[in-house]
Structure formats: structure tokens, C-alpha cells
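A quick write-up on the structure given underneath.
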Amino acid sequence: LETVQMRDSLRLYNTLVERCFNNCVDSFRRKTLDKTEETCVKRCVEKFLKHTGRVSLRFQEINGGLATPD
Amino acid sequence: LETVQMRDSLRLYNTLVERCFNNCVDSFRRKTLDKTEETCVKRCVEKFLKHTGRVSLRFQEINGGLATPD
Amino acid sequence: LETVQMRDSLRLYNTLVERCFNNCVDSFRRKTLDKTEETCVKRCVEKFLKHTGRVSLRFQEINGGLATPD
Amino acid sequence: MPKGGEEAVNMAQQEMEFRVDMFSRLTAACFEKCIGRSYKDSELNVGENSCIDRCVAKYWQVTGIVGQMLGGAQFPGK
Amino acid sequence: MPKGGEEAVNMAQQEMEFRVDMFSRLTAACFEKCIGRSYKDSELNVGENSCIDRCVAKYWQVTGIVGQMLGGAQFPGK
Amino acid sequence: MPKGGEEAVNMAQQEMEFRVDMFSRLTAACFEKCIGRSYKDSELNVGENSCIDRCVAKYWQVTGIVGQMLGGAQFPGK
């Protein structure tokens, strides 16, 4: 079971990196992130985590136990 | 083996929900689907299932046995 | 272990087909690839393989052993 | 383990994987629909929060419609 | 089970997963290419049907080209 | 196999799957960012090559930032 949780958190990690890289990094004239890109990545991660938390709460409310969608 | 089929049909379920939600629902001023969205979702599901059926037929014709593509 | 490598190379195969089909084939008035589409697919595959090779080299340099990203 | 027990474990595991998969697709879909790309700050604003709530509710309704159309009885969540 | 037998089972399972994966990518690709987003009704029209047939045929040809370029012998479907 | 050994094998396998997943997402992201869609020939040109190098470097930095924010200690690559 911990194995499953571990796997899911690793997948979340990769998902976050992919999404925030794709949304925030578009210039490849230098090989290090500039300040703007770094700020963007950090906000993207924080927003995504807060978003996931809220979705999780709402999902549990609706989907609690084994309720049917209708 | 049934386990594999079960897994595939659950994946189809999630794929259908994701696709038809993304294609049909764009307004979040209310928290229930309106009539237009609901009709759109139903047609999307029916079309996708018919599409999958036709692809499956053609794929089996071409790919029957272990034929090579050329 | 060979099983893992086999699985990864099969996934690469499907990824390549999907990407190069999507990028190169847009007309469905005939049921065989025309010369332009075929050339496009071949270049797409070659470019993607070269790209993957270069990414792999750079990734190993940075990520060699168990180095941390910072 | 008796055969029936093993099957039950497999079913439970599949149901769990199904829910995890649904949750990650739902999360991605509502992020695309509700969260602006500008990232002016790291908080969710009021509009984004209520969009998320409605988005989850509507996604769940779509899950119900699709479940019924697929002949829902054998699907989890029914 | 003898080791060779187990390996054969693994190979067969991988080949099956490979085909399922290919089929789902093919289905998604041809849906994007052939099916309009307006969903005016729930039937496939004539144009969509013939587009699907050609799309599957072309996808399969691309599978062949890529298989050859990867040194196809060891790939299924060759 | 003792329980500790089995766990270690599972951890190693997860870490490997994690790296494979990261590598395939990185490869796809940098292909999108760096490689033009026209496919005028089958070589990577100078601009594409240096774009790839910088893209990999920047992706790796993003990996570091995200790892730290998630409380990196338990994540591989830290």
C-alpha cells in the first residue's frame, strides 16, 4: 500500500515538473532559469497544489463512501 | 485475463468522461450541467463508441493474425 | 529486467508512430500515404531518435550517479 | 489465499487505480478550465475557487451520464 | 512453471499491452482527425466513416515505416 | 527473501520507473520546444542542438525547485 502511495506521489512530482516547465519556460537563449521563470515555476507549483487540495475536498464530499453520481 | 479486460474498460470509461467533459463543458457559472451540455456529452459518448467500433473492425481486418503492415 | 527494456522500447515505438502520424498526416482523401507524407514520417522518426539520443547524453551528464539538481 | 479472496483483492485494487486515474484526469481538466496561465500570485482567487467547485460537480455529473450509457451496473461509483 | 514458459507468458502479455496501447492511440488520433467537434447528432456521417477507414489504413502504414526504421525484426506486428 | 530485501527491490523499481517517466516527459517537452515541425531534413541543426542542451538543463532545474517545494528529502534525485 505504501508502494502505491509512493508511486502516486512520484507521478505527481513528474506531472508538476512537466506542467510548470511547459507553462513557464519558453526561452532557450541561456542555460539557467532567469528570475521571471523561477518565480513563475514556484507560483505554478503552489497554485497546482492548492488546486489539487480543493479538488480533493470537493471530490470526497461528492464521492464519499460509494455514492452514485446521480 | 478478465482482470485485463476490466482494466481496459475502466480506462475507456475515464477516457470517455475526460474527452466529452473537455469538449462539451466550458462554462462554470452554474454547478449543474445545462441541457445543451448534457446533449453534447451524450452525443460525444455515442459518437466515440461508434468510432471505436469502426476503428476496431478496420484494425482487425488489417492486423488480423500477425500480418505485417507492408 | 529485459522485460522492462522491452516494454520501454515498445512504448517508444508507439510514441513515435503517434507523434509522426499526428505531425505528418492530415489528408484522408486516399487510403495510402503519398510521397510527401512518407518523407515527413521518415524525417520525423530520424529527428526524434537523434533528439532522444542527445537528451539522453545531456541527462546522464547532469543526472549521473545520484547527483541533486542544485 | 482462496481463489475468491484473490479476485476480491484484484477487484479492489482495480477500483482504486480507477479512482486515482479519474482523480488525476479531473484535476488536470479543472486546472485547464479554471486556472489562468499568468500566475500573478500563488493564491487561488475567489473566481478560481468557485470555478473549481462547479467544475468538480459538473465532471462528476458527466461521470454519471457516461456510466449509465456504458450500462453502469458493473462500474464502480454506481 | 519452467523458466522458458514464464518468459513466453511475459512476452505474450507485453505484446498484448503493446497492441492495446497502439489501439487506444490510433483511436484517439483518428477521432481528432476525422470527427467534428460540433456533435450535431450522434451518428457518424458518410464523410466521417470513410475518413476513419483511411485514417486506420494510413496509421498502420506509419506503424510499418517506423517498425522498419527501428530495425523491425524484434517488434510485434512485423 | 527477507521483508527488508523485498522492500528495497520495490523501492529501486519505483525509482527506476520514476526516472523513465521523467525522461520521457523531458524528451517530449524539449522536442515540442526545440524542434520545428517542418522536417525539412532529418538532421538536427545547430540551433536545435543548443536549444536541446539548454532545455535539458532548465528542465533539470525545474525538477530541483519542485523537489524542494515538495519537501524533497524523500524524493529520488535529491
Single unsatisfied condition, B:ARG29 versus (1) farther than 19 Å from E:TYR39 by Cβ; (2) at the interface with another protein chain (Cβ under 7 Å from one of its Cβ atoms); (3) at pLDDT 95 or above: (2)
In region B:53-65, what residues are surrounded by fewer than 17 Cβ atoms within 10 Å (Cβ to Cβ) and assigned to a helix (DSSP H, G or I)? B:GLY53, B:SER56, B:LEU57, B:GLN60, B:GLU61, B:ILE62
Members of region E:21-48 found to be basic (Lys, Arg) and within 7 Å of chain B (Cβ to nearest Cβ), listed by number: E:ARG37
Of the residues in region F:32-47, those that are part of a helix (DSSP H, G or I) and surrounded by 19 or more Cβ atoms within 10 Å (Cβ to Cβ) come to F:LYS33, F:CYS34
Residues to consider are A:LYS47, A:LYS31, A:LYS42; find the one that is assigned to a helix (DSSP H, G or I) and farther than 17 Å from D:ALA28 by Cβ. A:LYS42
All but one of (1) surrounded by fewer than 17 Cβ atoms within 10 Å (Cβ to Cβ); (2) within 12 Å of the chain's Cα centre (by Cα) hold for A:LYS50, so report the exception by its number. (1)
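Conditions (1) modelled with pLDDT of 95 or more; (2) within 8 Å of chain D (Cβ to nearest Cβ), marked per residue:
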residue: A:VAL4; (1), (2): no, yes
residue: A:ASN23; (1), (2): yes, yes
residue: A:LYS35; (1), (2): yes, no
residue: A:THR52; (1), (2): yes, yes
Going by the conditions given, is D:THR27 hydroxyl-bearing (Ser, Thr, Tyr), at pLDDT 95 or above and within 25 Å of A:LYS42 (Cα to Cα)? yes
Tell me yes or no: at least one residue of region C:55-67 is within 8 Å of chain F (Cβ to nearest Cβ), more than 12 Å from the chain's Cα centre (by Cα) and among the β-branched types (Val, Ile, Thr). yes
Of all residues in region D:49-64 being surrounded by fewer than 22 Cβ atoms within 10 Å (Cβ to Cβ) and more than 8 Å from chain A (Cβ to nearest Cβ), the one that is farthest from B:CYS40 (Cα to Cα): D:SER50
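The values are calculated or read from the model by the stated rules, or taken from the named source; none is laboratory data. None of these values were measured; they are calculated from a predicted model. Counting neighbours? That spans all protein chains shown, and the Cβs are built from the backbone with ideal geometry, glycine included.
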